[in-house]
């Protein structure tokens, strides 16, 4: 059986596609417990991605010198993205969910929309005691998001047994929770109807007044 892998060579990507690929990788790998990067491999990717985005903006008014700068930064970004992608393949060892969570494009997409763990799941206190929950868009085609929540006290281990709030997009506002009470929150992308939901690591949040 062919092992799942992410792309490691982005040299044929357009400038816009390379910038997007680098941005997705940085988002997917920031705080991702599935991967451990030694030295400055990931830090270099972050810096080169930022520099590349700036160099693309400079093309609008910079003339020939801006093109030379962009090309030099592009080579640095290609190198760092390649190094990070190789580590992702090594450490994921074919695990599709881990590979999808990296944000890096798969070398071969799965035959259907098997969803990864949500990217950049966040929980924030909103106005009037509401809780704002959100995730980044999935790296594969999704059909919205299911957010889950439950009081910390008496919480069951199975997130599917919490209060579920399905939405068609990637954010929601949860209202009506009692102020001062600690709640657990999680999220999962909606895939096919018969697919198991892949839940994000729960986040604990106290509801504000």
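What to note about this one:
- Candidates 81, 77, filtered to the one that is more than 17 Å from residue 199 (Cα to Cα), more than 18 Å from the chain's Cα centre (by Cα), surrounded by 21 or more Cβ atoms within 10 Å (Cβ to Cβ) and modelled with pLDDT of 90 or more: 77
- Residue within region 169-186 that is in a loop (DSSP other than H, G, I, E, B), in contact with a helix residue (DSSP H, G or I) (Cβ under 7 Å, 6 or more places away or on another chain) and modelled with pLDDT under 90 present: no
- Note on region 110-122: among residues that are part of a loop (DSSP other than H, G, I, E, B) and modelled with pLDDT of 90 or more, the one that is farthest from the chain's Cα centre (by Cα) is 117.
- Residue, nearest to residue 69 (Cα to Cα), within region 7-17, restricted to residues that are in contact (Cβ under 8 Å) with a residue 40 or more places away in the chain and in a loop (DSSP other than H, G, I, E, B): 11
- Test: residue 20 is at negative phi, in contact (Cβ under 8 Å) with a residue 24 or more places away in the chain and in a helix (DSSP H, G or I): no
- Residues satisfying the stated conditions in region 182-202, i.e. under 14 Å from residue 123 (Cβ atoms) and more than 16 Å from the chain's Cα centre (by Cα): 182, 183, 184, 185
- Any hit, region 53-62, residues being crowded, with 20+ Cβ neighbours inside 10 Å and under 19 Å from residue 13 (Cβ atoms): yes
- Hits in region 59-80 - residues which are assigned to a helix (DSSP H, G or I) and touching a helix residue (DSSP H, G or I) at 6+ places or on another chain (Cβ under 6 Å): 66, 69, 70, 73, 76, 77, 80
- Scanning region 35-45 for residues that are out of contact with any helix residue (DSSP H, G or I) (no Cβ under 8 Å at 6 or more places or on another chain) and either in a loop (DSSP other than H, G, I, E, B) or within 19 Å of residue 116 (Cα to Cα) (or both) gives 38, 39, 40.
- The sole residue among 48, 32 that is assigned to a loop (DSSP other than H, G, I, E, B), surrounded by 14 or more Cβ atoms within 10 Å (Cβ to Cβ), modelled with pLDDT of 90 or more and out of contact with any strand residue (DSSP E or B) (no Cβ under 6 Å at 6 or more places or on another chain) is 32.
- Subset tally (residues that are free of Cβ contacts under 8 Å to residues at least 60 places away in the same chain, within 12 Å of the chain's Cα centre (by Cα) and surrounded by fewer than 18 Cβ atoms within 10 Å (Cβ to Cβ)) for region 123-137: 1
The values are calculated or read from the model by the stated rules, or taken from the named source; none is laboratory data. Owing to the predicted nature of the structure, the values given are computational and were not obtained by experimental measurement. All Cβ positions, even for glycine, are placed from backbone atoms using ideal geometry, and neighbour counts span all protein chains on display.
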